[in-house]
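Enquirer: Sharing a structure below in structure tokens format, with a few things to ask.
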Amino acid sequence: MNLEKLRQDAIEKAINQHYAVVSFKTDGTIRDANEKFLKLFGYELEEIVGKKHRIFCDSDYANSFEYRQFWNDLTNGYVQTEEFKRIKKDGTSIFIQASYKPLINEDGQIFEILKFAQDITSKKLESLDYSAKIKAINSTQSVIEFDMNGFVLNANENLLNSLGYSLDEIIGKHQSMFCEEDYVKSNEYKEFWNKLRSGIHESGKYLRLGKNEKKVWVQAIYTPIFDIDKKPIKIVNFTQDITQLEIMQKDSLTGFFNKEKLILDIPLNNQNNLAIINLDDFSQINDFYGHAIADQYILKFSKIFSVYLENRFSIYRIAEGTFAILDSNLTTTEFYNIFRNYIEQLKDTLIDLDIKKFSIVLTCGISSENNERLINTAEIVNKYAQKNLKNILVYSKDLNIEKEFEENIYWSENIRWALKEDRIIVYYQPIYNNELKKIEKYESLVRLKDKDGEIISPYKFLEISKKSKQYIDITKVVIEKSFSKFADSSYEFSINLTVEDILNEELNEFLFRKIDEYKVSNKLVIELVESEKITTYDPVYEFISKIKKKGCKVAIDDFGSGYSNFEYLVKIDADYVKIDGSIVKRILDDENSVEIIKSILNFCRKMDIKVVAEFISDEKLQAKVIELGISYSQGYYIGMPSDNID
């Protein structure tokens, strides 16, 4: 037996099993091909023998100088090995890893070109998809890389622009250069790096220092990168600068700072006076006349407000109808007298909104407690003043505001009986498909029906239910009734879950059990309502992975309100983004809001994420939403919440 022949036969068999093989004459004419090649390209042998190599190429490439040079190099004896895009018989494209080998006879002449190829289409498409996502992230996110000791290896332009550095100024420097000195010395910072070195990723909101001590707030995730032995070799940090959006951003309507800025400003002085002023009629104006009129009311009031205060104090808009005034120079009595006189002067002042003239009705709560309790006590005394029909009050322990607990007890008892008597009900608000021009989805919204049949909005009882540990029971009712409602319906529907809901094991188990029981996974959307208290997103990511495996979809609620970010969207693979209503309602007269929405839309289109506009209150707002290309609309103009679905 010829062992050499057996060896050659075995080699040839192995090659034919693993490689698509085809041979060409030096002019590119096909001579032969093995079965694997024919199957890969979808031809029979007789269909290609005698044809030119160009039948596997698109016409532009086959007629190019590059293609002529390719064959010129082969006929001059140069091996060509790389990835190639080729065309199958049915016209579809494939990618191959191939080697073209010129064969030389005894006279030193090239007599044949032999090609060995493997199909790498799936890997190539994965690579292209990955590259597209990385490109999208780099276009919207700041990226910086550190070695395992925390020294900077590289950074992209977004990161450098955000912090104000050039690349040369940070390469080789330690990450601590971006942190405050006290934080760097803390055990928290040491533990931060110990976790990263152990291969544990970290995420959350962080205060960072740019060039010249510039303070920058970022939403960031620090991800360890592992080698083939699963050993962490470097840290990649994806961040989004949220300073303008979340911390330092002025309210686009009034020009006043927001609550986050107030929180930053309070520690700048050891002693402060804080007034919380609430426009008592704002909610009614907003509910009865819509956001456009309510915004006019706020705008005209803020101008009156600014004139009176004459730039003596820092002013903040901390909620839609609520303002804060901070002072560090006056005594409490002096501060109180200013606002008592102001409220007295406003009694006869009317705000003309064309449709009607509105009186200005204010409630002012003042506190001079220590900085840690300043906001809380000012808000408490403001609410206490509203309940007791007082125009202005200064916080004092003598007020015995703890009576508020009595109110909490009342609602806690009311909730207990509502749960027992099946008076926790669910309303459904329609979501309109702007492209198909029809109602396509619904959002489930909780309500409480009191003993007299009045429907109570959740803002009156939901927060109290959390304190009284009845919130999980309410959420279970919403899940049960919503799932039952849509089990036999063709509509998609959504329920709201907070981070706290996700972290609750009991509710988590209940949710997945009911998904299986009612078989609603293909129509259920989980709307994530973020919490500013969250320090790590790991449990969220784990929940998303589990819920998506069930076939459910995920939406991010109130996107643009301050906590969500683009990297977060990519990480959780969101299906929908619901743009925060405070942005949507201003797009008719605020170009900044339009630009924010355009940025969100641009990113979401790249990521194939559908966008929903909330708080659509009138026809003009809906027309603008359609003009911007937003896929879905939701709000009172589209449909009021109801216990029925069409």
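The values are calculated or read from the model by the stated rules, or taken from the named source; none is laboratory data. These numbers were taken from a predicted model, which means no experiment stands behind them. No Cβ is skipped: glycine too gets one built from the backbone with ideal geometry, and neighbour counts run over all protein chains shown. Ligands, DNA and RNA are stripped out before the accessible areas are found, and what is left, the full protein with its side chains, is counted by its heavy atoms. Shrake-Rupley method; radii C 1.70, N 1.55, O 1.52, S 1.80 Å.
Enquirer: How large is the accessible surface of residue 417 in square angstrom, using a 1.4 angstrom probe and rounding to the nearest 10?
Expert: 80 Å²
Enquirer: Can you sort 148, 640 by solvent-accessible area, 1.4 Å probe, largest first?
Expert: Greatest to least solvent exposure: 640, 148.
Enquirer: Measure off 7 Å from each Cα along the Cα-to-Cβ vector at residue 545 and residue 111, then give the distance between these two points in nanometres to one decimal.
Expert: If labels sit at residue 545 and residue 111, their model points lie 5.9 nm apart.
Enquirer: How many nm separate the modelled label positions at residue 598 and residue 333, each set 7 Å beyond the Cα in the direction of the Cβ?
Expert: 5.6 nm
Enquirer: Test of the criteria: in the stretch 550-646, which GluC sites (Glu not before Pro) are in a DSSP loop and have at most 12 other Cβ atoms within 10 angstrom of their Cβ?
Expert: Qualifying residues, ordered by number: none.
Enquirer: Continuing with the same structure: Just the number, please: percent antiparallel of the DSSP beta bridges in the chain, rounded to the nearest 5.
Expert: 80 percent
Enquirer: For the stretch 319-448, what class follows from the C-alpha gyration tensor (a ≥ b ≥ c being the square roots of its eigenvalues): rounded when a/c is under 1.5, otherwise prolate if a/b is larger than b/c, else oblate?
Expert: Verdict is oblate for the stretch 319-448.
Enquirer: Let's test this: bin the Cα-Cα distances of the stretch 254-410 at 5 Å from zero up to the farthest pair and state each bin's percent.
Expert: All Cα pairs, binned at 5 Å, distribute as 2, 9, 19, 22, 21, 15, 9, 5, 1, 0 percent.
Enquirer: Between residue 519 and residue 361, what FRET efficiency comes out of the Förster formula 1/(1 + (r/R0)^6) with R0 = 51 Å and r the beta carbon distance, rounded to 0.05?
Expert: The formula returns an efficiency of 0.50 here.
Enquirer: Please go through the residue pairs 467/519; 481/624; 390/460 and name each one whose alpha carbons sit more than 27 Å apart in this structure.
Expert: 467/519; 481/624, as the Cα separations exceed 27 Å there.
Enquirer: So, one more: Give the residue list of GluC sites (Glu not before Pro) in the stretch 447-541 that are DSSP loop and have at most 13 other beta-carbon atoms within 10 angstrom.
Expert: Sparse-neighbourhood loop GluC sites (Glu not before Pro): 454, 532.
Enquirer: Under unit Cβ charges (Lys, Arg +1; Asp, Glu -1), what dipole magnitude, rounded to 20 debye, does the stretch 377-495 have relative to its Cα centre?
Expert: Computed charge dipole of the stretch 377-495: roughly 60 debye.
Enquirer: Can you tell me which lysines have their Cα less than 19 Å from the Cα of residue 356? Leave out same-chain residues fewer than eight positions away.
Expert: 300, 303, 347
Enquirer: May I ask for the Kirkwood hydrodynamic radius of the chain, worked out over all distinct Cα pairs and given in angstroms to one decimal?
Expert: Final number for the Kirkwood radius of the chain is 30.0 Å.
Enquirer: Please list the equivalent ellipsoid semi-axes of the stretch 220-290, computed as the square roots of five times the alpha-carbon gyration tensor eigenvalues, in descending order and whole angstrom.
Expert: 43, 20, 10
Enquirer: Further, regarding this structure: Take the Cα atoms of the stretch 545-646, build their convex hull, and give its volume per residue in Å³.
Expert: So the per-residue Cα hull volume is 120 Å³.
Enquirer: On the full set of protein chains, 1.4 Å probe, figure out the accessible area of residue 475 and give it in Å² to the nearest 10.
Expert: Using a 1.4 Å probe on the heavy atoms, I get roughly 10 Å².
Enquirer: With +1 assigned to the C-beta of every Lys and Arg and -1 to the C-beta of every Asp and Glu, and no other charges, what is the dipole magnitude of the stretch 133-217 about the Cα centre in debye, to the nearest 20?
Expert: For this selection, approximately 260 debye.
Enquirer: Right, something else. Ignoring everything except DSSP H segments at least 4 long, calculate the 222 nm mean residue ellipticity for the chain; use -39,500 (n - 2.57) per segment, divide by total residues, nearest 500.
Expert: -12000 deg cm²/dmol
Enquirer: Suppose each label sits 7 Å from its Cα in the direction of the beta carbon; what would the residue 575-residue 169 distance come out to in nanometres?
Expert: 4.6 nm
Enquirer: Using unit Cβ charges (K, R positive; D, E negative) and no other charged atoms, how large, in debye to the nearest 20, is the dipole of the chain about its Cα centre?
Expert: Computed charge dipole of the chain: roughly 760 debye.
Enquirer: Please identify the GluC sites (Glu not before Pro) of the stretch 291-358 that satisfy two criteria: DSSP loop assignment and at most 14 other Cβ atoms within 10 Å. Which are they?
Expert: In loop regions of the stretch 291-358 (DSSP not H, G, I, E or B), the sparsely surrounded GluC sites (Glu not before Pro) are 310.
Enquirer: Let me ask something else about it. Taking 0.36 nm per intervening residue step and subtracting the Cα-Cα distance, what contour gain separates residue 227 from residue 435 on full extension?
Expert: Fully extending the segment from residue 227 to residue 435 adds 70.2 nm.
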